[in-house]
Amino acid sequence: MSRCLIVAAAAAVPRAQRRSWKTEWLWEVWHGHSDLVRGGCTGSEASWRILRFAAGALVDAADLRLEHILVALNRRSLAREPLVCLGALLLVFLALAAWTDGFRHSRLAASASYPDSQQLVLLSRPAGVLGIETAASMEQVWAWVDESKWFGNVAGFRLHGGTLEISRNFFDVLHTDAVPGGAGWRFLGRPVQSVRFLDPGSQNGYAGAIARLKHPADRSLLEIQLGKLANQGVHITATFLDERGRWPLYFAAVTALMFLAAGMVRARRTPFYLAFFAVKTALLLASVGLAWTEVASTIPIPVTGGVDVGTAAPLVMLLLLSEAFVLRWSLEDQAGRCPVCCRQVSMPVTVGSRSSLILDRPGVEFLCTRGHGTLRLSDLTTCTGEPYHWTPLDHSWQEVFAREKTA
Amino acid sequence: MKTPLSLTSAIILQAVATGRRYGFEMMDATGLPSGTIYPALRRLEKARLIRSDWESTKAAESYGPPRKYFRVTGEGIAALEAAERRFPAVAQLKG
């Protein structure tokens, strides 16, 4: 039992000291037990006292490990560790999640807004200029809906400040029983303080129309149907409400994946190096993408279901720039890491000569603190685009770095 | 040594000075748990107040495997005297 305890505790001891530490404790236990038995202790009593003695090995091992960590901290080498980098990024991600209440807006956008909301579509009419949509002509919509085999019902609405003016069948279309209008209720991302029913005669006063499909349908089938309608002279665009609500999330996800793929292509090396890069970049891109989605999801959806170019364009630009920025940082950070152990290189030394640009180019050479190799950065990289040059060191160098391998 | 010894370190140093050479003996003599004694011994050794060595194989052959033992250095004796002035109770452990 005591032996098992010591062997288990030894796992926490830094590798360089492990063997001698284990020997010291095991022999001390052996002698302690022998001394106790020779001193007249019974076997069980001696074992119990030795077990108490061996329990101290756990404390001693933890103390050694802590000491080792503190020494590493003093050498500021901890910051170079790949796991520390990932841990820091994970902390940033978790802090962001905590700050945004678990990415609440993104989750709301991803979840269904109304019962059977996959059957809800916003109807609008192309204005014919730059793809801009305007409110659908309700007279036409109603006439067409009567004939259509697709639409079950259609309701009109108009948002006027905090007041939502609606047709009588509005909540039938949404499949919600109670009249919401309470605190916190939002429609198309806009807060609604009060609800007012409009007279059936004021159909053309509606700014938007929301329809419920008779059955769940995919976008392509619906577009075919709307195409047939367009041939009859009625141009209508239908936008699935859920799809429109999730647009920021989809866009951020696709953009992040594209940037990640672009980064992976540039960072090809060993599997460990690539895995580290993938996790690091994914954490960064996910943080940026979700933070962006939180902002984008709070922006109200246009009543026509289309895209408000004035708002969307700067937002999209912001996302692209942010993702490009974090990818660039990730690539630069990766370039400054050892391809074997992923630790950041250090100990910069100026090499080369400024008067010899051909045979002995000037630059800075860094060293992997574990002795895996050297990384040379040319001073001319900015103007010549010269890549970083990694030179692996053979095993004969390992002795020089033995002190660094205590973890 | 610049930093004065703590009471625990002084007690352990006193135990080594009075001939308790092994960790297990020190635990018996001081009543301190082994989890306190060993880290303290390491720090005392780092401060050069004690020295540790492994018993020679010859000595060990007569009775079990070689064992690590501790002894006080000159600096350790000076530090112990200073600690005894600070903690009179430590001096009483001599007997």
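The values are calculated or read from the model by the stated rules, or taken from the named source; none is laboratory data. Predicted model only: the values in this text are computed from it and were never measured. With ideal geometry, Cβ positions are generated from the backbone for all residues, glycine too; neighbour counts draw on all protein chains shown.
Among the residues making up region A:11-30, those that are assigned to a helix (DSSP H, G or I), of a type in the set (A, V, I, L, M) and within 13 Å of chain B (Cβ to nearest Cβ) are A:L26, A:V29.
Would you be able to say whether some residue in region A:90-102 is more than 12 Å from every other protein chain (Cβ to nearest Cβ) and in contact with an Asp or Glu (Cβ under 7 Å, 6 or more places away or on another chain)? Don't jump to the end; show me each part of the working.
Within region A:90-102, the first condition is being more than 12 Å from every other protein chain (Cβ to nearest Cβ), and the residues that meet it are A:90-102.
Checking which are in contact with an Asp or Glu (Cβ under 7 Å, 6 or more places away or on another chain) leaves us with A:100.
Yes, region A:90-102 has at least one match.
Listed by first and then second residue, the pairs with beta-carbon distance under 6 Å, at least 6 apart or on different chains, first residue in region B:32-57 and at the interface with another protein chain (Cβ under 10 Å from one of its Cβ atoms), second of a type outside the set (A, V, I, L, M, F, W, C) and part of a loop (DSSP other than H, G, I, E, B), are B:W54/B:P66; B:E55/B:P66; B:E55/B:R67.
Taking helices (runs of 4 or more DSSP H) as the structural unit, those lying wholly within region A:204-318 and holding at least 1 residues that are at pLDDT 85 or above and within 16 Å of the chain's Cα centre (by Cα) correspond to A:247-266, A:271-298. Go through region A:8-30 and give me each residue that's free of Cβ contacts under 8 Å to residues at least 60 places away in the same chain and within 40 Å of the chain's Cα centre (by Cα). A:A8, A:A9, A:A10, A:A11, A:A12, A:V13, A:R18, listed by residue number.
Of all the numbered requirements in (1) under 30 Å from A:W99 (Cβ atoms); (2) at pLDDT 85 or above, A:E365 misses one, and that requirement is (1). So, of the residues in region A:70-89 that are at pLDDT 80 or above and in a helix (DSSP H, G or I), which turns out to be farthest from the other protein chains (Cβ to nearest Cβ)? Ranking the candidates gives A:L89 first.
Being in contact (Cβ under 8 Å) with a residue 12 or more places away in the chain, of a type in the set (D, E), in a helix (DSSP H, G or I) and facing another protein chain (nearest Cβ under 9 Å), is that true of even one residue in region A:31-41?
Applying the first criterion (in contact (Cβ under 8 Å) with a residue 12 or more places away in the chain) to region A:31-41 yields A:32-33, A:36.
Remaining after also requiring of a type in the set (D, E): none.
Within region A:31-41, none of the residues are in contact (Cβ under 8 Å) with a residue 12 or more places away in the chain, of a type in the set (D, E), in a helix (DSSP H, G or I) and facing another protein chain (nearest Cβ under 9 Å).
Every condition in (1) more than 20 Å from B:E55 (Cβ to Cβ); (2) more than 9 Å from chain B (Cβ to nearest Cβ) is met by A:I6 except one, and the failing one is (1). Scanning region A:55-69 for residues being more than 9 Å from chain B (Cβ to nearest Cβ) and among the β-branched types (V, I, T) gives a total of 1.
Any idea which residue in region B:6-25 is surrounded by the fewest Cβ atoms within 10 Å (Cβ to Cβ), counting only those that are in contact (Cβ under 8 Å) with a residue 40 or more places away in the chain and within 13 Å of another protein chain (Cβ to nearest Cβ)? Selected residue: B:R21.
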